[in-house]
1. Out of every Cα-Cα pair in the stretch 392-465, what percent are more than 17 Å apart?
2. Report the FRET efficiency, 1/(1 + (r/R0)^6), for Phe167 and Ala336, where r is their Cβ-Cβ distance and R0 is 51 Å, rounded to 0.05.
3. So who's got an amide H within less than 5 Å of the one on Ala295, skipping anything under 5 residues away but keeping other chains? H placed 1.01 Å off N, in plane.
4. Hey, with R₀ at 45 Å, roughly what FRET efficiency would Glu326 and Ala139 work out to, going by the Cβ-Cβ distance, to 0.05?
5. Hey, can you rank 430-443, 350-363 by average C-beta count inside 10 Å, highest first?
6. Quick one: helix 410-426 against the long Cα principal axis of the chain, what's the angle to the nearest 10°, folded into 0 to 90?
7. For the stretch 298-422, what does the alpha-carbon gyration tensor say about shape, rounded, prolate or oblate, given a ≥ b ≥ c as the root eigenvalues, a/c under 1.5 as rounded, and a/b over b/c as prolate?
8. Viscosity 1.306 mPa s, temperature 10 °C: give me the Stokes-Einstein translational D for the stretch 95-178 in µm²/s, with Rh taken as the Kirkwood radius over C-alpha pairs.
Amino acid sequence: MKSLKCAAYSDGLKIVEVESVFSRGLPGFSIVGLAGASIKESAERVKAALLALNFSFPAQKITVNLSPSDLPKSGSHFDLAIALLIALQKSKELEKIFVFGELGLDGSVKNTANLFSILLFLSANVKRAKALVPKQIAAIASMIPNLEIFGVSNLNEAIKFFQDTEFKESCRYNNVHPLFENVLEINGEKYVPNVNFELDFSDVAGQERAKRACVIAAVGMHNIIFEGSPGCGKSMCAKRLVYIMPPQNLSEILNAAAYRSLNLQDSEFKAVRVFRAPHHTSTKSSIFGGGSNSAKIGEIALANGGVLFFDEFLHFPKQIVESLREPLEDHKIHIARVNSKVTYETKFIFVAAQNPCPCGNLLSANLSCRCSENEIRQYKSRVSEPILDRIDLYVQMEEVSSADQAKTNSKQMSEQVLRAFKFQKARGQSELNGKLSDADTAKFCLLSSDAKDALDKATARYSLSQRGIKKVLKVARSIADIDESETILRAQILEALSFRVRS
């Protein structure tokens, strides 16, 4: 029996062992192992490609197994591995290498739509994996860190790859993406710093409290709501937040590119974190993922590692808003459909922007509000208390004045965030503050006696829930990191409390 490795994407990356055996019996060719229609059709493509090389099929029964057999598999990228196992059945033990590629009827090796995303997930999950891929994708695939890439253009070259060591080396591709040439090393791990401030906070006049909240949110990846009159800068702050967030490690960059590739988008590597802003008329399946049969990726998962922005938050349907509970609390979203079940990580900063009332003038000193108390109450009631309890920072934006000027820019804010990020990593923290587990919250969010007294009084006065208490602790931890304080002090607790939503 011979075997090669391949991979499938179903509920995360799964390694698939492609095995073949020739046995006595009526001549035939069968593929087993819960193979989808595209893989079943592969038998005919493989036959045609091998016959184009004048390969003589033996008078035996050929069985190809895709292991594990309980995992549903689909995709034409299994073609090349299946053909090689048949063509090299009489050879000695084959090198353990991942093989990907669709076969043309003439034996040519072709790229597939989801192959790049599979390679990205492979790089993020398997150390120094070797992969044989179509030549047309080899150059860009070799830019993926943590992969050894070899490229072939047809089945004949693929067979020669396993038989001729010198030819094998000629198939190797060694390209380095410019993004990975200058990396920042923090506590032994490599990060890619962002030096692009295409959208700068210097464009936002005034709003110093909102900018302070953005720095805190970036340090700990905390959820935030901006409330204010139309045109005061809510959307501007939200769109600039990704430019000051902590640097991504290689795995985060690869996963972000892989998710974009699953969404059939540009999968270029980027130092800037992802920013997703679905419109309030978007469907629930487009935001959370899904579909009629397959579990397609949605905006929630695509925002992983970056920012998910809901502009005009109170205009989103209540069903969509309430469905945010799981991804905001558990940092995961489960999508179950007839043919697949997928779990995606949802560790992002949720940013919402809303007007204070239907007409937007409630907080204005110059314009009069046209809304009744009942209209304002109904407007605010579109968001439930459980959702508000999952928000870390609430910022009431100041009214814009002609005298307002920008005192800080994105570069200065980014440097603050980076110092705080290094401070977090120095104490051995793996997750950002806003995404800490309960155990890590107790471990890292240590309070001084004055700070504990202040939190206890606030808990009694404002009737904070257990979730609310933990939110305050995590925000205070981020403020302490900005101040480079090992212990959370009273002033930091009070500042964190000042950002709590008041119902």
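1. Result for the distance tail: 69 percent.
2. Efficiency for this residue pair is about 0.65.
3. Here the answer is Ser340, since their amide H atoms fall under 5 Å of that of Ala295.
4. Between Glu326 and Ala139 the formula returns 0.65.
5. 350-363, 430-443
6. Once rounded, one gets 70 degrees.
7. Oblate, since a/c reaches 1.5 and b/c is not below a/b.
8. 124
Read-outs: derived from the displayed coordinates by stated rules, not from any lab. Because the structure is a prediction, the values reported are computed rather than measured. Cβ: placed from backbone, ideal geometry, glycine included. Neighbour counts: every protein chain shown.
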